[in-house]
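So the structure is just underneath, and the comments pick up after that.
The values are calculated or read from the model by the stated rules, or taken from the named source; none is laboratory data. In this text the structure is predicted, and so the values were computed from the model without any measurement. Cβ: placed from backbone, ideal geometry, glycine included. Neighbour counts: every protein chain shown. These accessible areas exclude ligands, DNA and RNA; they are computed on the full protein's heavy atoms, side chains included. Shrake-Rupley method; radii C 1.70, N 1.55, O 1.52, S 1.80 Å.
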Amino acid sequence: MPETGGTDVFDVAIVGYGPTGATLANLLGSAGLSVLVIEKEASIFALPRAIHFDGEVMRIFQSLGLKEEALAISRPGIQGMHFVNAANETLMIRGGTAALGPHGCANNYYFHQPELEALLRKGCERFANVTVCLEHELLSVAQDVTQDDDVATLSVHTRSTGETATFQARYVVGCDGARSPVRKAMGSPLIDLGLRQPWLVFDVMLSRDVALPTHTVQICDPARPMTFCNVTGNRRRWEIMVMPGDDHEALVKPESLWKLVSRWVTPADATLERAAIYTFHSVIATGWRRGRLLLAGDACHQTPPFLGQGMCAGIRDAANLAWKLEAILQGRADEELLDSYEEERSPHVRSLIELAVKLGSIIQTTDPAEAKARDEKFAAGGPEIFELPAQSLGGSYFQGADHKAVGCPFPQPRLADGRWLDDVLGRRLTVIGHQDVIDHVSPEVARHWRSLDMQVMAQPDAAVLDWLHNRQVAAVIIRPDRYVLGVARNTQELEDISRHLPATQQLREEAAL
């Protein structure tokens, strides 16, 4: 642990050591940056919270070298999520499959959050350049205007000793949750997107075999909307809507809890692990960056859990932010690259929150007449099968945005030699294309690629060639977070895209010589 009041300046200070903060610490640590993590709690919160992540998140864990460990503590969501009415008639199904999706992983996984957090924290132990300070609570954070904003200064309360410590970092990322002190210091307001509803979350451990669904069920019963989740192993969860007139204190007592789920399980079948009432929110911040201060995860957006995307969104934030901070701190890009962070992530997060709110309005219908009309509408067309909308980032940073592949994740095929594409590329900017197109770029562009330490794949695997052929393009530039920066049909277009790659002004001038 660094000494209090020490003169060392960390590259990045992360406030909060939940899944978002721990993922970011792994990403930055593996890049060789000096990282300080500030976490007010002494240990991992031992009870379950988030229970779902998707294939893109598993792909991010792969980039951390933790995929096999993550697979060992999770299970794929093979049968999807079923929305049923009070008569147990299926209204909608969110698809599930055992097949690998475009990220080279299953599309959905269920897990126990304390196990995942332990895995991510153990991952950080691999890096001597990552310093973790548990039982340290942020008191204040400010940018040092006396040094032209070169650093931010953090004042931290050491809970074990009562002392105050001071640290400095070139950037500070608040991964510090819904009540984020970093967000408050930045003055970034939250916009309410329309859902604020208390729900009871009830977790149990089965003590014997019980005939329960093997998939997630959204029970759209106007008398009492509920969600049932098969988590992992013998863990099961019910989320139960709190109705008008409910006594919150009485609702969480064991006798009330078991009565609510008596049609599925009894105290003879399971042990109560946790029961708590949470208010499901739908909010998003404006101003994810103020100079050297940034936000990620619940600190800048909160979504109701009907899509299981809350933790996923935070981990995507970490992946988007990590490569940009790495490029800037290692002298390969100017600080303005960070302006693209909120511009790219906010529209994507907002679309998922709005979809979750829409689904919530279906699930949370409590008027019997409205529920009857809803059921009749779905019955007319049979069960509706849906998937998450195509993932794409907003913003003007991407090039050739008229092509639908731009701003979307590049798929991860298994190559002919058995390796996964990402394991070959590493976390680097990459250009992939036909050799005759790549070989004919100008010396200026080739120098620019070298200055950015870009990976060049001029003889791509057949699976990658198929992607190019199917989209009628000759080359693609992929970002370290696996999103498509731009596509080109010929050498000239590839050169045009390359001139918009992130770089410092000095690197651009050197490439032009």
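In order along the range 275-283, the phi-based Karplus estimate (6.51 cos²θ - 1.76 cosθ + 1.60, θ = phi - 60°) of 3J(HN,Hα) comes to 9, 8, 9, 10, 9, 6, 10, 9, 9 Hz; Gly and Pro are listed as x. Considering only alpha-carbon pairs that sit under 8 angstrom and 6 or more positions apart, the relative contact order computed for the range 190-232 is 25 percent. The charge dipole of the chain, taken about its Cα centre with unit charges on the Cβ atoms of Lys, Arg (+1), Asp and Glu (-1) only, comes to about 960 debye. Counting other Cβ atoms within 10 Å, which trypsin sites (Lys or Arg not before Pro) in the range 184-232 have at most 10 and lie in a DSSP loop? The qualifying sites are ARG208.
The residue list GLN505, LEU465, PRO413 was ranked by how far each Cα lies along the charge dipole of the chain toward its positive end, using unit charges on Cβ atoms, and PRO413 comes out on top. Based on Cα contacts under 8 Å between residues 6+ apart, the range 9-49 shows a relative contact order of 48 percent. Reducing the range 412-438 and the range 478-504 to their Cα centroids gives an inter-centroid distance of 15 Å.
In terms of its C-alpha gyration tensor, the range 26-111 has an oblate overall shape, because the principal axis ratio a/c (a ≥ b ≥ c, square roots of the eigenvalues) is not below 1.5 and a/b does not outweigh b/c. Cross-linked pairs LYS253/LYS372; LYS122/LYS184; LYS67/LYS324; LYS184/LYS324: Cα-Cα separations exceed 26 Å for LYS253/LYS372; LYS122/LYS184. Of the accessible area of the range 1-135, with the probe set at 1.4 angstrom, what percent is carbon plus sulfur? Whole-percent figure for carbon plus sulfur exposure: 53.
Measuring from centroid to centroid over Cα atoms, what is the spacing of the range 4-70 and the range 217-275 in Å? First find each Cα centre; the distance between them is then 32 Å.
Taking a straight Cα-Cα cut-off under 17 Å and skipping sequence neighbours fewer than 8 places away in the same chain, the aspartates and glutamates within cross-link reach of LYS377 are GLU89, ASP221, ASP367.
Computed extension gain for THR90 through GLU41, at 0.36 nm per residue and net of the alpha carbon distance, reaches 13.4 nm. Karplus-derived 3J(HN,Hα) values for the range 200-213, using 6.51 cos²θ - 1.76 cosθ + 1.60 with θ = phi - 60°, are 8, 9, 10, 10, 10, 10, 5, 9, 7, 5, 9, 6, 10, x Hz; glycine and proline are entered as x.
Oblate is the label for the range 466-513, because a/c, from the alpha-carbon gyration tensor with a ≥ b ≥ c as root eigenvalues, is 1.5 or above and a/b does not exceed b/c.
Remark: the Cα gyration tensor places the range 418-462 in the oblate category, a/c being 1.5 or greater and a/b not exceeding b/c. Solvent exposure of the range 325-382, expressed per residue, is 46 Å² of accessible area, with all protein chains present and a 1.4 angstrom probe. The mean sequence separation of alpha-carbon pairs under 8 Å and at least six residues apart, normalised by the residue count of the chain, gives a relative contact order of 16 percent. Only one item in (i) 176; (ii) 353; (iii) 160 matches volume of the Cα convex hull per residue in Å³ derived from the coordinates shown, and that item is (iii). Given points 7 Å out from each Cα along the Cα-Cβ axis, report the ILE385 to LEU100 separation in nanometres with one decimal. It is 2.2 nm. Taken as Cα centroids, the range 97-123 and the range 371-396 sit 25 Å apart, rounded to the nearest whole angstrom. Sites listed here are trypsin sites (Lys or Arg not before Pro) in the range 73-131 whose DSSP assignment is loop and whose Cβ has at most 16 other Cβ atoms within 10 Å: ARG126. Computed with a 1.4 Å probe over protein heavy atoms only, the accessible surface of the range 100-185 comes to 45 Å² per residue.
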